[in-house]
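Enquirer: Can you keep this structure in mind? I'll have questions shortly.
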Amino acid sequence: MKKNKFINIGILAHVDAGKTTITERMLELSGRIKTAGSVDKGTSVTDSMEVEKERGISVRSASVSLEWNNTTINIIDTPGHIDFSSEVDRSLLALDCAVLVISAVEGVQAHTENLWSALVKLNIPVLIFINKTDRAGADIDAVTEEIKKELSQNIIVLQDFSETDDISDEITEQISSADDILIEKYLNEENISFSELNTALKKSIHSRILFPVLSGSAKLNEGIKELLDDITTIMPEASAKSNELSGIVYKLEYDAQFGKMASVRLFSGSIRNRDLVTYGSQGKENKVTQIKKSYSGKLETLDILQSGDTAMICGLENVIAGDMIGSDPELLKRIELCKHTGLSDPLLTVKLEPEKDSDLSALVTAVKELSEEDPALNYVWLKDERQLHIKIMGKIQLEILETVFRQRFNLSVSFGDPIVIYKETPTQKGEGYDEYTMPKPCWAVVRFEIEPLERGSGVVYESKVGVDKIAAKYQNEIEATIDEALQQGIYGWQVTDLKITLIGEEDHVIHSRPGDFILATKLAMMNGLINTGCKLLEPVLSFKISAPEESSGKIISSLIAIRAEIGTPENVDGKIVIDGKIPVATSLDYLNTLNSITGGKGKYITHFHGYQEVPLELGKTIPYRGVSPKDRSKYILKHRGAIK
């Protein structure tokens, strides 16, 4: 019998394209479930949360496994709504390949392009499945042309590609064109075997030169068998490059019986029960207590998690979603790359409060738990002010969170109005200095050089001070404090795009204490930002609008009114196409405006572009949360516990 292999595949789509129904049909065909569940009826395997059953949408990614053609296919069914893109982002790290589902009626939609862009950045091979061919208005040819125009010209329709059928000359030419040997045979009109074509096809798909396209109707169970066949015969399978333990925690969830469960994709090595596993950037260690795998929504126990496979690991007490297992530098690069896909950059922040003051402690605990599952929430608990803030993608996410708090934690929660997240950056080069030497015992004197960097550079830190001046243990304190010191600048926002260089001064062999340099660093950084001055930065989206040509004048006027930077409009197939950049703050409800102008016929696609400078009067400043380092005396007293 052929040795079993693993393929880890993600099902991705714009909301309502039918990806969860496709997953259900795969499970049914493989024999994992008797009858495919219904999204609308709340009976699908992968939509297991109560809120998912109620809403009929996927909120969390879900993993299921099945066997097909002597292959274990690990499927990650991902949310389709843009507000839950952080789930998609982490899932991408676990994949060997992806199925991108596109509706035969709606075609390439706004979020379809966002997903495609992320797949391109992470170099993930893609099979495109055109779904809902049974619906009125379905037009496979038109959608295929739209895919060529909006996503890639290099698609290859494989509906009739098999050894027993006549292979069209067009398909032969497409496959041969990507292979030097075959193209020569094709041009010389030599016979090319199916085996040669199939080998060349797989090579082209794996290297993202070609993208196969299938079509069908998951509702009627049409095209799903062919989809499973192609996944197991032409898409890339898992392979290990070493024996060292390497994996990614792509999902985290809590189970009433088993506690915290980390969904892990293992790239190399193996994990057995009772193994000691190292994970996370801080090198945390825990002993594995159980290994579970979900085939059809029911958990089964594994003795070992093998390289290439996925499973849920119990016992990793301090794990958070997105943690890396082991220390593979290639996987670390992939994790960093995934942070810049543009899929899950929360651009809004909200304050949340419990209905009852007595529930505040329980709410903080609940938010901490949810943030371990979705670190993009990036919660901030201001203990002194007794305030809780989280970052979000959009209003739908808030509606879901409100339901989750009620159903899962029995908490009634209210949210403040979402506020756009601004940032700030130094205006010019300057120095920050602080001398924390009184009242004794304390001694920490630091001097930083601060200089602005290009947009998107982040924070760069360097020390030019020897350990004879400031001991290594204190320098470690300084470096570890930099990020915290930059969380609030002179306008109340996180400071970014700057280089910080430690250029002086000294510790004291008798009076320096642990924590002295933490305080001095925060004071010196605020002092430095006051000296350099800061510019306000606002988040900006790149956009593309396609709409009826007669709407062009009103659309351009509406864009000018919200400070959009507009490119040169183009006429394409009787439609006006406009692209450019647009501030998040002025465009939160722009889709409604566009729908009103075009009668719902406009298409609006956005990607996160980055942060750019905005005049102070057009942006937003916020008060410093807590005691500000600007009030040096009070800040020191607070640090020493003399005041609350």
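The values are calculated or read from the model by the stated rules, or taken from the named source; none is laboratory data. Note that the coordinates shown come from a computational prediction; the quantities given were computed from them, not determined experimentally. A quick note on method: Cβ atoms are made from the backbone with ideal geometry, for glycine too, and the neighbour counts reach across all protein chains shown.
Enquirer: Answer yes or no: is there a residue in region 305-314 that is touching a strand residue (DSSP E or B) at 6+ places or on another chain (Cβ under 9 Å) and closer than 30 Å to LYS395 by Cα. Steps first, please.
Expert: Of region 305-314, the ones touching a strand residue (DSSP E or B) at 6+ places or on another chain (Cβ under 9 Å) are 305-314.
Going one step further and asking which of them are closer than 30 Å to LYS395 by Cα, we end up with none.
Checked region 305-314: no residue is touching a strand residue (DSSP E or B) at 6+ places or on another chain (Cβ under 9 Å) and closer than 30 Å to LYS395 by Cα.
Enquirer: Here's a follow-up. For a quick check of your reading: which strands (runs of 3 or more DSSP E) sit entirely within region 199-270 and have at least 2 residues that are closer than 17 Å to VAL99 by Cα?
Expert: Numbers: elements: 211-215, 246-255, 259-268.
Counting at least 2 such residues, we get 211-215.
Enquirer: Go through region 556-587 and count every residue that is among the aliphatic types (A, V, I, L, M) and assigned to a loop (DSSP other than H, G, I, E, B). If you could, list the steps in order and put the result at the bottom.
Expert: Filtering region 556-587 for residues among the aliphatic types (A, V, I, L, M) gives 556, 559-562, 564, 566, 572, 576-578, 582, 584-585.
Now narrow it down to the ones that are assigned to a loop (DSSP other than H, G, I, E, B): 562, 564, 584-585.
Total satisfying the criteria: 4.
Enquirer: Can you tell me how many residues within region 9-34 are among the aliphatic types (A, V, I, L, M), crowded, with 23+ Cβ neighbours inside 10 Å, over 19 Å from PRO125 (Cα atoms) and touching a Gly at 6+ places or on another chain (Cβ under 7 Å)?
Expert: Total satisfying the criteria: 1.
Enquirer: Kindly indicate whether ILE582 is modelled with pLDDT under 90, surrounded by 18 or more Cβ atoms within 10 Å (Cβ to Cβ) and under 24 Å from the mean Cα position of the chain (by Cα). Break it down into steps so the answer makes sense when it comes.
Expert: Details: modelled with pLDDT under 90: no; surrounded by 18 or more Cβ atoms within 10 Å (Cβ to Cβ): yes; under 24 Å from the mean Cα position of the chain (by Cα): yes.
The answer is no for ILE582.
Enquirer: Anything in region 508-523 that is farther than 18 Å from GLU449 by Cα and surrounded by fewer than 22 Cβ atoms within 10 Å (Cβ to Cβ)? List them, or say none. So that I can check it myself, show each step before the final result.
Expert: In the first step, residues of region 508-523 are kept if they are farther than 18 Å from GLU449 by Cα; the result is 508-516.
HIS508, VAL509, ILE510, HIS511, ARG513, PRO514, GLY515, listed by residue number.
Enquirer: Then there is this: Can you report the number of residues in region 178-192 which are under 18 Å from PRO212 (Cβ atoms) and modelled with pLDDT of 90 or more?
Expert: 1
Enquirer: Related question: Output the residues belonging to region 354-370 that are surrounded by 17 or more Cβ atoms within 10 Å (Cβ to Cβ) and touching a residue at least 24 places away in the same chain (Cβ under 8 Å).
Expert: Residues of region 354-370 that are surrounded by 17 or more Cβ atoms within 10 Å (Cβ to Cβ), as a first pass: 354, 359, 363, 366-367, 370.
Once the filter is applied, which keeps residues that are surrounded by 17 or more Cβ atoms within 10 Å (Cβ to Cβ) and touching a residue at least 24 places away in the same chain (Cβ under 8 Å), region 354-370 yields PRO354, ASP359, LEU363, ALA366, LEU370.
Enquirer: For residues that are part of a loop (DSSP other than H, G, I, E, B) and in contact with an Asp or Glu (Cβ under 7 Å, 6 or more places away or on another chain), tally how many sit in region 56-68.
Expert: Initial filter on region 56-68 (part of a loop (DSSP other than H, G, I, E, B)): 56-61.
Next, only the ones that are in contact with an Asp or Glu (Cβ under 7 Å, 6 or more places away or on another chain) stay: 56, 58-61.
Residues that pass the stated criteria total 5.
Enquirer: Can you tell me how many residues in region 332-349 are over 24 Å from LEU266 (Cα atoms) and either aliphatic (A, V, I, L, M) or assigned to a loop (DSSP other than H, G, I, E, B) (or both)?
Expert: First, the residues of region 332-349 that are over 24 Å from LEU266 (Cα atoms): 342, 345-349.
Subsequent filtering for residues that are either aliphatic (A, V, I, L, M) or assigned to a loop (DSSP other than H, G, I, E, B) (or both) retains 342, 345-348.
Summing the residues that are over 24 Å from LEU266 (Cα atoms) and either aliphatic (A, V, I, L, M) or assigned to a loop (DSSP other than H, G, I, E, B) (or both) in region 332-349 gives 5.
Enquirer: Let me confirm something: among LYS132, LYS148, which residue is outside the structural domain of VAL572 (by TED's automatic domain parsing) and surrounded by fewer than 20 Cβ atoms within 10 Å (Cβ to Cβ)? Steps first, please.
Expert: Working: LYS132 fails: surrounded by fewer than 20 Cβ atoms within 10 Å (Cβ to Cβ).
Exactly one residue qualifies, and that residue is LYS148.
Let's see how each residue does on (1) touching a Phe, Trp or Tyr at 6+ places or on another chain (Cβ under 8 Å); (2) within 30 Å of SER30 (Cα to Cα); (3) modelled with pLDDT of 90 or more:
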{"residue": "TYR254", "(1), (2), (3)": "no, yes, no"}
{"residue": "ASP275", "(1), (2), (3)": "no, no, yes"}
{"residue": "ASP328", "(1), (2), (3)": "yes, no, no"}
{"residue": "LEU332", "(1), (2), (3)": "no, no, no"}
{"residue": "ILE335", "(1), (2), (3)": "no, no, no"}
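Enquirer: Now, a different point. Just give me the residues in region 414-441 being surrounded by 20 or more Cβ atoms within 10 Å (Cβ to Cβ), of a type outside the set (Gly, Ala, Ser) and over 26 Å from the mean Cα position of the chain (by Cα), in sequence order.
Expert: If the condition is that a residue be surrounded by 20 or more Cβ atoms within 10 Å (Cβ to Cβ), of a type outside the set (Gly, Ala, Ser) and over 26 Å from the mean Cα position of the chain (by Cα), then PRO426, ASP434, TYR436 are the ones that fit.
Enquirer: If a residue counts only when it is touching a residue at least 24 places away in the same chain (Cβ under 8 Å), which helices (runs of 4 or more DSSP H) contained entirely in region 94-192 have at least 1 such residues? Explain how you work it out, then say what you get.
Expert: Numbers: elements: 110-121, 140-150, 169-177, 180-187.
In region 94-192, 110-121, 140-150, 169-177 are the helices (runs of 4 or more DSSP H) which contain 1 or more residues that are touching a residue at least 24 places away in the same chain (Cβ under 8 Å).
Enquirer: Output the residues belonging to region 20-54 that are out of contact with any helix residue (DSSP H, G or I) (no Cβ under 9 Å at 6 or more places or on another chain) and at pLDDT 90 or above.
Expert: The answer is THR21, THR23, GLU24, LEU27, GLY31.
Enquirer: Can you find a residue in region 229-238 that is closer than 18 Å to ALA62 by Cβ, buried (at least 21 other Cβ atoms within 10 Å of the Cβ) and not basic (Lys, Arg)?
Expert: Just the residues of region 229-238 that are closer than 18 Å to ALA62 by Cβ, to begin with: 231.
Now drop any that are not buried (at least 21 other Cβ atoms within 10 Å of the Cβ), which leaves 231.
Right, trim to not basic (Lys, Arg) and you get 231.
Checked region 229-238: at least one residue is closer than 18 Å to ALA62 by Cβ, buried (at least 21 other Cβ atoms within 10 Å of the Cβ) and not basic (Lys, Arg).
Enquirer: Here are the criteria: (1) in contact with a helix residue (DSSP H, G or I) (Cβ under 9 Å, 6 or more places away or on another chain); (2) crowded, with 18+ Cβ neighbours inside 10 Å; (3) within 17 Å of TRP493 (Cα to Cα). Tell me which single one THR349 does not satisfy.
Expert: Going through (1) in contact with a helix residue (DSSP H, G or I) (Cβ under 9 Å, 6 or more places away or on another chain); (2) crowded, with 18+ Cβ neighbours inside 10 Å; (3) within 17 Å of TRP493 (Cα to Cα) one by one, THR349 breaks only (1).
Enquirer: Here's something else I'd like to know. Out of (1) in contact (Cβ under 8 Å) with a residue 60 or more places away in the chain; (2) of a type in the set (A, V, I, L, M); (3) out of contact with any strand residue (DSSP E or B) (no Cβ under 8 Å at 6 or more places or on another chain), what's the single condition that is false for LEU348?
Expert: (3)
Enquirer: Tell me yes or no: at least one residue of region 287-301 is buried (at least 20 other Cβ atoms within 10 Å of the Cβ) and free of Cβ contacts under 8 Å to residues at least 40 places away in the same chain.
Expert: Within region 287-301, one or more residues are buried (at least 20 other Cβ atoms within 10 Å of the Cβ) and free of Cβ contacts under 8 Å to residues at least 40 places away in the same chain.
Enquirer: Got a number for residues in region 611-644 being surrounded by fewer than 17 Cβ atoms within 10 Å (Cβ to Cβ), among the small types (Gly, Ala, Ser) and not in a helix (DSSP H, G or I)?
Expert: The qualifying residues number 4.
Enquirer: In region 294-321, which residue that is among the aliphatic types (A, V, I, L, M) and within 26 Å of ALA36 (Cα to Cα) is modelled with the lowest pLDDT?
Expert: Taking region 294-321 as the starting set, the residues that turn out to be among the aliphatic types (A, V, I, L, M) are 299, 302, 304-305, 311-313, 316, 319-321.
Going one step further and asking which of them are within 26 Å of ALA36 (Cα to Cα), we end up with 299, 302, 311-312.
Details: LEU299: 88, LEU302: 93, ALA311: 95, MET312: 95.
The extreme case among them is LEU299.
Enquirer: Under 6 Å between Cβ atoms, at least 6 apart or on separate chains: pull out the pairs that start in region 475-500 with a residue that is surrounded by fewer than 19 Cβ atoms within 10 Å (Cβ to Cβ) and end on any residue that is charged (D, E, K, R).
Expert: GLN494/LYS423; LYS499/GLU451
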